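Enquirer: Would you mind keeping the following structure in view while I ask a few things?
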Amino acid sequence: TCDGCMVAVRVGLVCVRTRPQPDSTQGRASAASEGYKRQAHTGYVPVNYDVADFEKAWEWTDTDPSSWIRPPAATRGRILATVGRDGGMAYDQSAKLYSFDTSGNSDWSYNLGEQFDLSGPTLSNGMVHVTSMVSSSNSNPQWVFDLNTGGFLNQMKFASQWHAFNQPTALGNQVFVAAGRYGEVLYAYDAARGTLQWQMERIGGGWADGKTVAVDADYVYYPANVALDIIDRRNGVIKQSIADPQTSVTDVSTFASAPVLGDDGLVFLFAGNKSFVSSAEIIAVSTVQNRILWRSNAQYSTAFAVAGDTIYAVRNDAHVLAALDAKTGAQKWAVPLPVDEGLYGGKSFHGNVVVTENLVFASDHDTTWAVDLKAGNHPIVWEAPTGGRLIITPDNQLLTTGVRENRKLTAYNLF
């Protein structure tokens, strides 16, 4: 074993029954070796788990059971979640930000007032970041709160026309919001000072809401619909733009996803129009070769996970969890999952994929499954009676959010 896995992951070892790093996760799991150097959205936690240890820890519902629980974020000893109306649906209470301990007790909350839509929280440098909008305007709020006390720190403004928001991306004191009155604008803020650092308007990319960027030490990776733009973090200047010739501006109205940073300059993302539960092709972009390396033969839904040389993604048409070769896009294997029909109509996945050293987690509206990576036939070895968005916290709790017909935040101890 090792303390926190950081050293072991860097030299390629496997830590057994230790706590994953980094110290915070944003709406899904993150890779330990990334630390605070990048927000790569890999969905990977380098830890082995024994399903015999899994047990339900606690469950929480909002005072209004119809409120929508956004994807949570977590740091050691603390879980953050936002709740509020689903954009366009009736909701007669205010949006709120909650902080919970690992036993499900809320130590503070903040009332954000009546909001048309809001994101889940993102954590960085002791700050909590939330994106929201009251109405279509040029002055929607980007919130900053103190992680420990819930105290209000700053509020920056951005333009948006009836957006739906994924979580903002934050690294250090910088936080990035993809919005704009007619889309195509990326805002970079100094959250500690509450100031706008720069904004980049991407002409010719096509309007799309719901998008999130990836970030490393030097660059921001912005899905511009018709291309992947690589932007200088310091000044917002596009340094490289890798076109997708099979996507046009008219193809895209929503991109509820984020690029995933892999190894060797590879970036993985969905192509074209993509709501969270709809399906689209996955493409692999090489920033070194300045081109798209491959495009998947099938279409995949929700958010996929990447660990080493493998992408783990779910298919709504075939109702399977598939493992793809990250270098070629070829399918390595696929296993059926017993997805059932929810209130949305039809059978579909509703949670992002999370992968550990020995298990892959996926979910629909009311069930979460753990699939064994090590066994030859990759059997389902555990399931829970709750679904929705997934996250593994640094305290080794699996959180599920539920969906419209089953809105509750549930925590399972993984050991």
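The values are calculated or read from the model by the stated rules, or taken from the named source; none is laboratory data. None of these values were measured; they are calculated from a predicted model. Neighbour counts are summed over all protein chains in view; Cβ atoms, including those assigned to glycine, are modelled from backbone coordinates with ideal geometry. Just the protein is used for accessible areas: all its heavy atoms, side chains included, with ligands, DNA and RNA removed. Shrake-Rupley method; radii C 1.70, N 1.55, O 1.52, S 1.80 Å.
Enquirer: Select, from 264, 229, the only residue that is among the charged types (D, E, K, R), open to solvent by 20 Å² or more (accessible area, probe 1.4 Å) and touching a strand residue (DSSP E or B) at 6+ places or on another chain (Cβ under 9 Å). Before the answer, list the steps.
Expert: On the way: 229 fails: open to solvent by 20 Å² or more (accessible area, probe 1.4 Å).
None of the others qualify; the one that does is 264.
Enquirer: Out of the residues in the range 201-220 that are surrounded by 20 or more Cβ atoms within 10 Å (Cβ to Cβ) and of a type outside the set (Gly, Ala, Ser), state the one that is nearest to residue 133 (Cα to Cα).
Expert: If we take residues in the range 201-220 being surrounded by 20 or more Cβ atoms within 10 Å (Cβ to Cβ) and of a type outside the set (Gly, Ala, Ser), then 209 is nearest to residue 133 (Cα to Cα).
Enquirer: Let me ask something else about it. Just the residues that are of a type in the set (Phe, Trp, Tyr) and either open to solvent by 10 Å² or more (accessible area, probe 1.4 Å) or assigned to a loop (DSSP other than H, G, I, E, B) (or both), please, taken from the range 359-397.
Expert: Scanning the range 359-397 gives a single hit, 382.
Enquirer: Any residue at all in the range 222-236 that is among the aromatic types (Phe, Trp, Tyr), out of contact with any Asp or Glu (no Cβ under 6 Å at 6 or more places or on another chain) and within 23 Å of residue 44 (Cα to Cα)? Break it down stepwise before answering.
Expert: At the first step, the residues of the range 222-236 found to be among the aromatic types (Phe, Trp, Tyr) are 222.
Next, only the ones that are out of contact with any Asp or Glu (no Cβ under 6 Å at 6 or more places or on another chain) stay: none.
No, that holds for no residue.
Enquirer: In the range 175-199, what residues are surrounded by fewer than 21 Cβ atoms within 10 Å (Cβ to Cβ) and farther than 16 Å from residue 161 by Cα?
Expert: Those that are surrounded by fewer than 21 Cβ atoms within 10 Å (Cβ to Cβ) and farther than 16 Å from residue 161 by Cα: 190, 192, 193, 194, 195, 196, 197, 198, 199.
Enquirer: Then there is this: Can you name the residue in the range 61-113 that is among the charged types (D, E, K, R) and over 13 Å from residue 395 (Cβ atoms) and is also modelled with the lowest pLDDT among such residues? So that I can check it myself, show each step before the final result.
Expert: Here is the first cut: in the range 61-113, the residues among the charged types (D, E, K, R) are 62, 64, 70, 76, 78, 85-86, 92, 96, 101, 107.
Now drop any that are not over 13 Å from residue 395 (Cβ atoms), which leaves 62, 64, 70, 85-86, 92, 96, 107.
On the way: 62: 88, 64: 76, 70: 93, 85: 73, 86: 65, 92: 52, 96: 94, 107: 94.
Among residues in the range 61-113 that are among the charged types (D, E, K, R) and over 13 Å from residue 395 (Cβ atoms), the one modelled with the lowest pLDDT is 92.
Enquirer: A further question follows. Could you please find all residues in the range 267-285 being free of Cβ contacts under 8 Å to residues at least 40 places away in the same chain, among the small types (Gly, Ala, Ser) and open to solvent by less than 10 Å² (accessible area, probe 1.4 Å)?
Expert: Of everything in the range 267-285, just one residue is free of Cβ contacts under 8 Å to residues at least 40 places away in the same chain, among the small types (Gly, Ala, Ser) and open to solvent by less than 10 Å² (accessible area, probe 1.4 Å), namely 280.
Enquirer: Follow-up. Based on what the data block shows, is residue 297 touching a residue at least 24 places away in the same chain (Cβ under 8 Å), at negative phi and exposed (fewer than 15 other Cβ atoms within 10 Å of the Cβ)?
Expert: Numbers: touching a residue at least 24 places away in the same chain (Cβ under 8 Å): yes; at negative phi: yes; exposed (fewer than 15 other Cβ atoms within 10 Å of the Cβ): yes.
For residue 297, the condition - touching a residue at least 24 places away in the same chain (Cβ under 8 Å), at negative phi and exposed (fewer than 15 other Cβ atoms within 10 Å of the Cβ) - is met.
To keep it simple, each residue is scored yes or no on (1) crowded, with 23+ Cβ neighbours inside 10 Å; (2) within 20 Å of residue 306 (Cα to Cα); (3) without any contact (Cβ under 8 Å) to a residue 60 or more places away in the chain.
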site: 342; (1), (2), (3): no, no, no
site: 350; (1), (2), (3): yes, yes, no
site: 357; (1), (2), (3): no, yes, no
site: 401; (1), (2), (3): yes, no, no
site: 407; (1), (2), (3): no, no, no
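Enquirer: In this structure, is residue 210 modelled with pLDDT of 95 or more and either within 23 Å of residue 304 (Cα to Cα) or of a type in the set (Phe, Trp, Tyr) (or both)? Walk me through it before giving the result.
Expert: Numbers: modelled with pLDDT of 95 or more: no; either within 23 Å of residue 304 (Cα to Cα) or of a type in the set (Phe, Trp, Tyr) (or both): yes.
So residue 210 fails the test.
Enquirer: All but one of (1) assigned to a loop (DSSP other than H, G, I, E, B); (2) at pLDDT 95 or above hold for residue 351, so report the exception by its number.
Expert: Of (1) assigned to a loop (DSSP other than H, G, I, E, B); (2) at pLDDT 95 or above, only one is false for residue 351: (2).
Enquirer: Which of the residues belonging to the range 262-278 are closer than 22 Å to residue 387 by Cβ and either part of a loop (DSSP other than H, G, I, E, B) or at pLDDT 95 or above (or both)? It would help to see each step written out before you state the result.
Expert: Looking only at the range 262-278, we keep the residues that are closer than 22 Å to residue 387 by Cβ, and these are 270, 274-278.
Scanning the range 262-278 gives 270, 275, 276, 277, 278.
Enquirer: Would you mind listing the strands (runs of 3 or more DSSP E) fully within the range 193-242 where at least 3 residues are within 26 Å of residue 303 (Cα to Cα) and either among the small types (Gly, Ala, Ser) or touching a residue at least 24 places away in the same chain (Cβ under 8 Å) (or both)?
Expert: On the way: elements: 195-201, 219-223, 227-232.
In the range 193-242, the matching strands (runs of 3 or more DSSP E) lie at 219-223, 227-232.
Enquirer: Looking at 116, 145, which one is more than 19 Å from the chain's Cα centre (by Cα) and modelled with pLDDT of 95 or more? Spell out the reasoning first.
Expert: Values: 116 fails: modelled with pLDDT of 95 or more.
145 is the lone residue from the list that is more than 19 Å from the chain's Cα centre (by Cα) and modelled with pLDDT of 95 or more.
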